[in-house]
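Undergrad: Structure incoming, see below.
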Amino acid sequence: MEYENQYQHVAEAKYDCLLFDVDDTLYPLSSGLSKACTRNIEEFMVQRLGVEGDKVTEVNRVLYRNYGTSMAGLRAIGYNFDYDEYHSFVHGRLPYENLKHDHVLRNLLHSLPIRKVIFSNGDKVHVAKVLTKLGLEDCFERVISFETINPTNGINTSESFNLRESSAEILDANTCLSQSVFPETPVICKPFKNAFEEAFKIANINPQKTLFFDDSIRNIQSAKEIGLHTVLVGTSHRSNGADYALESIHNIREALPELWESDTKKAEGVAYSGKLAIQTSVMA
Ligand SMILES: [Mg+2]
């Protein structure tokens, strides 16, 4: 494994940013939030948008698969709704009480000598609640949430999308399920490249020097294509696109000890001043 040794050797200065997803990445899937979220989304679709109850699970699955989030899919197929209302409906009743302070992760994150940024498709209230419940609210330099990259709130979309929407009809469940090509969505979210590019701009991120953690293989593959180094969380099986795979975020030290080694390099006076200047300028 000559290549691996070589890799280990140069890895010390390889990263200047760690980019983290939140849901099912910073806490395990077994907490039940994800399942509850899906149930709430389906309820929103039936109660607020009139999607047929017997098809809602399948429609939601298709939209999620094609768009990265159900919301992005719903907007793409013609539904228009207030983003805040959607978020409070789907996240407002999540079992946040299942999340407990994670001292192990907190210590790991605090001991990492590299800047840490959150990049979530979730809204800012949800992300803040999760981080507070986990006791991680002071572990990150900044949070990039849904609102950060989607500053308008649904109905106030850009002119080009208004034009499209004015002539678009809502795809009903049957059409949606038989569709092979889907319309574009006005929502910017992972796994789309424009979401990553926006995040890079906002937080001064150099993808080539950034390690990205996410539980979604689709997000990981997209991240890899755009130049990020990638860690798939929630499985020890390293799928295509993932440079590393961690069963749990708690395994980060065992899998990536070199992340801590850069601390030694800093102490040795390696030229870090430029990077520190960037860090300061993007403090949230
Ligand atoms: Mg996730």
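The values are calculated or read from the model by the stated rules, or taken from the named source; none is laboratory data. All values derive from a computational prediction rather than experimental measurement. Positions of Cβ are backbone-derived with ideal geometry, glycine not excepted, and every protein chain shown enters the neighbour counts.
Undergrad: Considering each residue of the stretch 205-220, count those that are away from the ligand (no atom under 14 Å from the Cβ) and either without any contact (Cβ under 8 Å) to a residue 12 or more places away in the chain or surrounded by 17 or more Cβ atoms within 10 Å (Cβ to Cβ) (or both), and give that number.
TA: So the answer is 4.
Undergrad: Continuing with the same structure: Which ones in the stretch 221-244 are within 12 Å of the ligand (Cβ to nearest atom) and small (Gly, Ala, Ser)?
TA: GLY234
Undergrad: Can you name the residue in the stretch 223-258 that is closer than 21 Å to ASP16 by Cβ and of a type in the set (Gly, Ala, Ser) and is also surrounded by the most Cβ atoms within 10 Å (Cβ to Cβ) among such residues?
TA: For the stretch 223-258, the residue satisfying everything is ALA223.
Undergrad: Here's a follow-up. What's the total number of residues in the stretch 197-224 that are modelled with pLDDT of 95 or more, part of a helix (DSSP H, G or I) and within 25 Å of SER34 (Cβ to Cβ)?
TA: Qualifying residue count, the stretch 197-224: 8.
Undergrad: If I ask for residues that are among the aromatic types (Phe, Trp, Tyr) and over 17 Å from the mean Cα position of the chain (by Cα), which ones from the stretch 32-81 would you list?
TA: The answer is PHE44, TYR79, PHE81.
Undergrad: Would you mind finding the one in VAL125, VAL56, VAL143 that is among the β-branched types (Val, Ile, Thr), surrounded by 15 or more Cβ atoms within 10 Å (Cβ to Cβ) and over 26 Å from PHE213 (Cα atoms)?
TA: VAL56
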